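Below: the structure, in structure tokens.
The values are calculated or read from the model by the stated rules, or taken from the named source; none is laboratory data. These figures come from a predicted structure and were not determined experimentally. Every residue, glycine among them, receives a Cβ derived from its backbone with ideal geometry; neighbour counts consider all protein chains shown.
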Amino acid sequence: MTPGQSFWDAAVVLRTYKFGEADRVVVLLSEENGKLRAVAKGVRKSGSRFGARLEPLSCIRVRLHCGKGDLYTISGVEPQMQFPAIRQDLNRLLKSSRMLEIVDSVTADELPHPGLYLLLQQALKTLEAGDSPLFLVGFCWKVLAEEGLAPDADSCSICGSSGPLTSYAVAEGGLRCNEHRGSTSLTAESVEILSEILNGKLRKALARPETPSVGELEHLASRVLEMHSERPLRALAAMRGTLN
Ligand SMILES: [Zn+2]
């Protein structure tokens, strides 16, 4: 973006932090320009014209001015979605916070990522409409799939056999059969749920009741995401593309 120019974009507010005496930096995942950091001037004073529209979780249309420094300046905000049901339910609010944190951790600044924006926006709409024990598990694995890092859910990543698949190799990525055991054991139910999420049957997975597999798959997804968030996922996926 050229200094001096302004533009509109749609965005989800991922987080904010204090900046200077009365300002706040807003970290946005925008639809067309990826993750951006922008200063909301005077937002911590009472009577600010932006007010609650720039709180984490808000979906907005935002006008950004490109100055000389590293940060954009917010010059206009139109609220799109505020997600009242999520904000009034502590369980859902915690889940949405974790989603924003995950998206923040896997993205680099200013790398356009419309697929991830759409995934986050759709997931927030789904969570606004209703909760599910498997919501966060589904979201994590969809993020990994969006980044091209999800496993083939139906075959062993070493021998290609259809199993039974009984473990996951966190460092290498991929499900494993009994003969090629990976670092983390999985129950048959967890493997079945993972297959539903990654093979277009997310609704079926979300309709499932709470089971021990929820914890197992949440823990596994966190470890896989951690493995990849030291370096932005997008960059990693691109690098793999060049190597292959
Ligand atoms: Zn195998």
(message) Looking for something within 24 Å of H113 (Cα to Cα), assigned to a helix (DSSP H, G or I) and in contact with a helix residue (DSSP H, G or I) (Cβ under 7 Å, 6 or more places away or on another chain) - is there at least one such residue anywhere in region 179-191?
(response) no
(message) Return the residues of region 29-56 that are at pLDDT 90 or above and in contact with a Leu (Cβ under 7 Å, 6 or more places away or on another chain); say none if nothing qualifies.
(response) L29, S30, G34, K35, L36, R37, A38, V39, A40, P56
(request) Look at K18 and say whether it is of a type in the set (K, R) and surrounded by fewer than 17 Cβ atoms within 10 Å (Cβ to Cβ). (result) yes
(message) Against the condition within 16 Å of the ligand (Cβ to nearest atom), small (G, A, S), on the phi > 0 side of the Ramachandran plot and outside the structural domain of A22 (by TED's automatic domain parsing), how does G174 come out, does it pass?
(response) yes
(request) For region 111-120, state whether one or more residues are more than 16 Å from the ligand (Cβ to nearest atom), touching a helix residue (DSSP H, G or I) at 6+ places or on another chain (Cβ under 7 Å) and more than 20 Å from L198 (Cβ to Cβ). (result) yes
(request) Give the residues of region 156-171 that are surrounded by 14 or more Cβ atoms within 10 Å (Cβ to Cβ), more than 10 Å from the ligand (Cβ to nearest atom) and part of a loop (DSSP other than H, G, I, E, B), sorted by residue number. (result) A169, V170
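Taking the residues in region 129-138 that are touching a Lys or Arg at 6+ places or on another chain (Cβ under 8 Å) and closer than 18 Å to F83 by Cβ as candidates, determine which candidate is surrounded by the fewest Cβ atoms within 10 Å (Cβ to Cβ).
Out of the qualifying residues, it is D131.
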(message) Looking at (1) within 16 Å of the ligand (Cβ to nearest atom); (2) not in a loop (DSSP other than H, G, I, E, B), which one does K204 not meet, given that it meets all the others?
(response) (1)
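Table: residues versus (1) assigned by TED's automatic domain parsing to the domain that holds Y17; (2) in a loop (DSSP other than H, G, I, E, B); (3) charged (D, E, K, R).
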site	(1), (2), (3)
S75	yes, no, no
S96	no, no, no
L111	no, yes, no
Q121	no, no, no
L127	no, no, no
W141	no, no, no
A145	no, no, no
D154	no, yes, yes
(message) I'd like the full set of residues that are closer than 17 Å to L198 by Cα and assigned to a helix (DSSP H, G or I), limited to region 129-139.
(response) F135, L136, V137, G138, F139
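Look at P151 and say whether it is more than 30 Å from R37 (Cβ to Cβ), out of contact with any Pro (no Cβ under 7 Å at 6 or more places or on another chain) and touching a residue at least 40 places away in the same chain (Cβ under 8 Å).
When the stated conditions are applied, P151 passes them.
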